[in-house]
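A short worksheet on the structure shown next.
The numbers here are math on the coordinates, done by the rules we state, and not lab data. It should be emphasised that the depicted structure is a prediction, and the values quoted were computed from it without experimental measurement. Note that each Cβ is placed from the backbone with ideal geometry, even for glycine, and that neighbours are counted across all protein chains shown.
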């Protein structure tokens, strides 16, 4: 019989707060981290969701004495600390890091590669700090990394390699990331509007998020969500553009729901990727309709957090579980008028709802797509 795997704890660090409750309260009030920032000298300010560095430093100093960490590492440590303190780390505990760019900012003005820029070294530094006894695992697959990291933890636990796992995901806004998205002309000139007729591109965001995943429930959990199914499929369409027919996302959702043994009628809520780019939003609409999920309430968190790259999938999974725990669907911020060719049930205002089965999806550069199905226990 297949081992059941659960998410029983989580935390996050974002522009809206340094814990989950702060973030949830901000979302209920409709607050967004997306505002105009001047990040690069000699470049016009643009809309992004950026953590206040002074507040981050003050929060870090409350909890840690060692200052020898990069800004991103401090975000990771703050996310992980409350979780690690609540559980024992054993030789059967996995540590999984999800990120797309890691400490890429260390490359600025360097002629040689700094050690900290290697993702394996970043993961090991975090693992060593908390005293993990197993070799860290790095999941870096563009913008589906956060969702994939949950799937990797689930599958490794079910395979008997580990009994539990800590998954942490994060990325920060850097000149490298900004220049990359600028080269695609993908950054919007206003707060992003996923699925809206007047959308004109993404907002970059930054965050870290962490979850605890286990196969052994105790009596101490405040909540638990069973990871019922997962899948990741590459549509092999283009280096940055998704398949117009949504093939990869469609197959990922179908596989995850098949493993979960959950039909379209049972899904109560979809936490979608929703980047507010023309091709991504349209592709998602096609894929969801192919799966007959067009009536399921759906939102994108990008209007609140921007696109947090490797952190987005994990952060948005956490918010979706908060939604289920509180019985509240959060609006898809900035959505006003349908701007996709096929119908979706996009949430326009916060509303009470009973949420048991959650579908979380993500898509990214290189044609990658991922989906997981969660069940509130």
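The overall shape of the range 53-148 is oblate: from the C-alpha gyration tensor, with semi-axes ordered a ≥ b ≥ c, the ratio a/c is 1.5 or greater and a/b is no larger than b/c. Compactness of the range 149-210, taken as the C-alpha radius of gyration over 2.2 N^0.38 Å, stands at 1.64. Taking the three principal axes of the alpha carbon atoms in the chain, the coordinate ranges are 59, 52, 40 Å, sorted in descending order.
Shown for the range 32-100 is the translational diffusion coefficient from the Stokes-Einstein equation, using the Kirkwood radius over Cα pairs, a temperature of 4 °C and a viscosity of 1.567 mPa s: 88 µm²/s. Separation of the range 43-61 and the range 75-101, taken as the distance between their Cα centroids, equals 23 angstrom. Ranked from largest, the principal axis spans of the Cα set of the range 1-45 equal 60, 25, 15 Å.
Ranked by the mean number of other Cβ atoms within 10 Å per residue, highest first, peptides 337-350, 226-239 order as 226-239, 337-350.
Treat the range 6-214 as a sphere of radius equal to its Kirkwood radius over Cα pairs and apply Stokes-Einstein at 4 °C in a medium of 1.567 mPa s; give the translational diffusion coefficient in µm²/s, rounded to a whole number. Value of D from the Cα-based Kirkwood radius: 71 µm²/s. Compactness of the range 227-376 was expressed as the Cα radius of gyration divided by 2.2 N^0.38 Å, which yields 0.93. Summary of packing: across the peptides 19-25, 6-12, 121-127, the per-residue average of other C-beta atoms within 10 Å ranks them, highest first, as 6-12, 121-127, 19-25. Pairs of Cα atoms nearer than 8 Å and 6+ residues apart set the relative contact order; for the chain it is 23 percent. Model label sites at residue 158 and residue 356, defined 7 Å from Cα along the beta-carbon direction, differ in position by 2.1 nm.
Shown for the range 176-299 is the translational diffusion coefficient from the Stokes-Einstein equation, using the Kirkwood radius over Cα pairs, a temperature of 25 °C and a viscosity of 0.890 mPa s: 146 µm²/s. Sorting 38-44, 204-210 by average packing, meaning the other beta carbons within 10 Å per residue, from highest down gives 204-210, 38-44. Remark: the residue 112-residue 266 segment gains 50.1 nm on full extension, using 0.36 nm per residue and subtracting the alpha carbon distance.
Of the residues 77, 83, the one with the fewest other Cβ atoms within 10 Å heads the list, and the complete ranking is 83, 77.
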